[in-house]
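*Asks:* Got a structure for you, written out below as structure tokens; questions coming shortly.
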Amino acid sequence: MPRWVNRPEGSNWGEFGEDDQIGRMNLLTPERRLAAMTEVREGVAFTLSLPLNVPTIPFAPFRHPPRLSAACDEEGGMFNRRDPGGDETTCDDRVLLYTQHSTQWDSLAHRGRAFDADGDGIAELVYYNGFRAGDDVSGADGPSGESCARALGIETLATAGVQGRGVMINLKAAYGIESRAVTRDDLLRAMDAQRVEVRTGDFLLLYTGVDRLILDREARGDGTPLATAGCALDGRDEGLLQWIIDSGIVAICSDNIAIEALDLILSPEPPPIRLPIHDLCLFRQGIFLGELWYLERLAVWLHKRERHAFLLTAPPLRLPGSVGSPVTPVATV
Ligand code: UVW
């Protein structure tokens, strides 16, 4: 039995099964993965993550750089001393990690909304495919310290084999680094100019140039308003939402903070749906979002060669119950 009687308009709930937890990632078939391998022509690899310890981004002041420290042994002592009676030594460490501080994946447990899934006139908080806040996504520490998603956690992505065809649209080359909410027409114009072909099963990467602003921010010390810099998708454009639905893409990733323009959430009177791209992708369609990726070097390399496709390998941590994960993606061209 599905977990819902009503499903939201524009959603694909149930289409991959009533218990499905990976959404559009189901479209990444063995055949499509094989086809992605043909995009590797030179064997050059690009690491697409920022350092995990970039300074706190002002828009998300509750997410902090990792706090790394030495692990203790059973007696509470530190490692890195000579083994008793031997010549060897060991060093271990531990980390307090905000999973969505730097380069990251959002799982489908990251954003849901109030919706009358039962058809009883009462809007409850639900996530993709009707999984419930509380029962399925607790938002609290579990008894053994595990948090926070009993369903839809990032391990569902980790075990889905995150490797396929990546395709980049270079929005910085098309529109510069000024703040711009990118509509469907803007996107299609850029794709046309760059001869980008998006296929079912693709990971869509949007390069905006915000990664460089993040990396240079401390050196410049100029308080660059990262939340509104560069291009970001315009979630108010219904045509763009429909394009995402029709495209067959399995994920959208970008070097900016949130993939989408943040005008609504930053406005003095925000509407009920403040992050419409998150709503469409994570809640209605099961399309994964990758934020704060480091795309600059790959974008420059592709642009020079008038290429746009590559093999992308980007598994998150297999951390059961986590709603997000750091990731160190690799693009091979
Ligand atoms: C924002 O910060 C708006 O996005 P996310 O929570 O997905 O990182």
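*Asks:* Going by the conditions given, is D211 away from the ligand (no atom under 16 Å from the Cβ) and assigned to a helix (DSSP H, G or I)?
*Replies:* So D211 does not fit the description; no.
Let's see how each residue does on (1) among the basic types (K, R); (2) buried (at least 22 other Cβ atoms within 10 Å of the Cβ):
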| position | (1), (2) |
| --- | --- |
| I265 | no, no |
| L280 | no, yes |
| L289 | no, yes |
| L295 | no, yes |
| E306 | no, no |
| F310 | no, yes |
| R318 | yes, no |
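*Asks:* Being of a type in the set (V, I, T) and within 16 Å of the ligand (Cβ to nearest atom) is the filter here; which residues of the range 223-243 pass it? Write out each step before concluding.
*Replies:* Within the range 223-243, the subset of a type in the set (V, I, T) is 224, 228.
T228, the sole residue that qualifies.
*Asks:* Of the residues that make up the range 76-88, is at least one surrounded by 11 or more Cβ atoms within 10 Å (Cβ to Cβ) and of a type in the set (D, E)?
*Replies:* no
*Asks:* Taking the range 54-100, which residues are in contact with a His (Cβ under 6 Å, 6 or more places away or on another chain) and within 11 Å of the ligand (Cβ to nearest atom)?
*Replies:* R63, Y98
*Asks:* What pairs come out if I take residues in the range 295-309 that are over 13 Å from L48 (Cα atoms) and pair them with residues that are buried (at least 22 other Cβ atoms within 10 Å of the Cβ) and charged (D, E, K, R) whose C-beta lies under 8 Å away, six or more apart or interchain?
*Replies:* Between residues of the range 295-309 that are over 13 Å from L48 (Cα atoms) and residues that are buried (at least 22 other Cβ atoms within 10 Å of the Cβ) and charged (D, E, K, R), the close pairs are A309/R165.
*Asks:* Something else about it: Just one of (1) away from the ligand (no atom under 16 Å from the Cβ); (2) over 25 Å from N129 (Cα atoms); (3) in contact with an Asp or Glu (Cβ under 8 Å, 6 or more places away or on another chain) trips up R297, so point out which.
*Replies:* Result: R297 fails condition (3) only.
*Asks:* In addition: Just to be sure I understand, how many residues within the range 176-234 are within 18 Å of L298 (Cα to Cα), among the small types (G, A, S) and surrounded by fewer than 17 Cβ atoms within 10 Å (Cβ to Cβ)?
*Replies:* Within the range 176-234, residues that are within 18 Å of L298 (Cα to Cα), among the small types (G, A, S) and surrounded by fewer than 17 Cβ atoms within 10 Å (Cβ to Cβ) number 1.
*Asks:* Would you say I265 is out of contact with any Gly (no Cβ under 8 Å at 6 or more places or on another chain) and within 12 Å of the ligand (Cβ to nearest atom)?
*Replies:* Criteria met by I265.
*Asks:* If you go through the range 101-129, how many residues are outside any loop (DSSP other than H, G, I, E, B) and away from the ligand (no atom under 15 Å from the Cβ)? Please lay out each step first, then the result.
*Replies:* Of all residues in the range 101-129, those outside any loop (DSSP other than H, G, I, E, B) come to 104-106, 113-115, 124-126, 128-129.
Filter again for away from the ligand (no atom under 15 Å from the Cβ), leaving 114-115, 124-126, 129.
Matching residues across the range 101-129 total 6.
*Asks:* Before we move on, is S247 more than 12 Å from the ligand (Cβ to nearest atom), of a type in the set (S, T, Y) and surrounded by 16 or more Cβ atoms within 10 Å (Cβ to Cβ)?
*Replies:* Taking the combined requirement at face value, the residue satisfies it.
*Asks:* Here is a list of conditions, (1) assigned to a loop (DSSP other than H, G, I, E, B); (2) farther than 20 Å from E124 by Cβ, and D20 meets all of them except one; can you say which number that is?
*Replies:* Against the list (1) assigned to a loop (DSSP other than H, G, I, E, B); (2) farther than 20 Å from E124 by Cβ, D20 comes up short only on (2).
*Asks:* Say whether the condition of being within 18 Å of N256 (Cα to Cα) and either touching a helix residue (DSSP H, G or I) at 6+ places or on another chain (Cβ under 8 Å) or more than 16 Å from the ligand (Cβ to nearest atom) (or both) is met by at least one residue in the range 148-166.
*Replies:* yes
*Asks:* Considering only the range 56-69, state which residues are more than 19 Å from the chain's Cα centre (by Cα) and either loosely packed, with under 12 Cβ neighbours inside 10 Å or on the phi > 0 side of the Ramachandran plot (or both).
*Replies:* So the first thing to find is which residues in the range 56-69 are more than 19 Å from the chain's Cα centre (by Cα), and the list is 67-69.
Within the range 56-69, R67, S69 qualify.
*Asks:* Separate question: Mind counting the residues in the range 47-84 that are more than 20 Å from E218 (Cβ to Cβ) and not assigned by TED's automatic domain parsing to the domain that holds S267?
*Replies:* The total comes to 16.
*Asks:* Can you report the number of residues in the range 80-96 which are more than 36 Å from the chain's Cα centre (by Cα) and not acidic (D, E)?
*Replies:* From the range 80-96, those more than 36 Å from the chain's Cα centre (by Cα) are 80-89; that's our starting set.
The next check asks that each one be not acidic (D, E); those that pass are 80-82, 84-86, 89.
Matching residues across the range 80-96 total 7.
*Asks:* Now, a different point. Which members of the range 252-262 meet the condition of being over 12 Å from T208 (Cα atoms) and within 8 Å of the ligand (Cβ to nearest atom)?
*Replies:* Scanning the range 252-262 gives a single hit, L262.
The values are calculated or read from the model by the stated rules, or taken from the named source; none is laboratory data. Values in this document were obtained by computation on a predicted structure and should not be read as measured data. Virtual Cβ from ideal backbone geometry, glycine too; neighbours counted across all protein chains shown.
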